[in-house]
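Down below is the structure, laid out as structure tokens.
Read-outs: derived from the displayed coordinates by stated rules, not from any lab. Since the structure is predicted, the reported quantities are computational estimates derived from the model, not experimental observations. All Cβ positions, even for glycine, are placed from backbone atoms using ideal geometry, and neighbour counts span all protein chains on display.
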Amino acid sequence: MAQFKKKNTYKFWHSPLALIVLFCVFIIFAYNMVGLVKKERETIKNKASELKKIEELRYRESALSRDIKNLNTEEGIEASVRDKFQVVKPGEKEVLIVDNKENTPTLPKNDDHSFWGYIKRIFTKD
């Protein structure tokens, strides 16, 4: 019968105060988890943009390597000099294309910016 006697021991973990404290701790952890999820998404976006930059840099590196290999050849040096300095070999002719200024429309020159000059321009055709 001694087993059935009720013990009057106070258990802290079964009290409403302990439950409120545990609930508050749970809310704090849940709030921090939401913040971690946001940071993880931001990190994934940053990682994608950095990987894209790395890919662009690798492409640029390969293009520059091709240019360097091209400049190590005689034809590459010649093409580079022709582009930069507009030179020709002896015996070659250079073609120069010039815009025809006769076909370009020109606006009439109006030196008189007064009111009467405006009236004159309305009634006269230049």
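Structure above, values below:
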quantity	calculated
Residue-count net charge about E78 - beta-carbon cut-off 13 Å; Lys, Arg +1, Asp, Glu -1	-1
Dipole axis of the range 10-123 (+1 Lys, Arg; -1 Asp, Glu on Cβ), positive-most option in I27, P90, V37	I27
Simple label model, 7 Å out from Cα along Cβ direction - V25 to R58, nm	4.8 nm
Rounded if a/c under 1.5, otherwise prolate or oblate - the range 10-123, Cα gyration tensor axes	oblate
Cβ charges +1 (Lys, Arg) and -1 (Asp, Glu), total dipole of the range 10-123, debye	820 debye
Full-stretch length increase - S80, R66 - with 0.36 nm per residue and alpha-carbon distance subtracted	3.7 nm
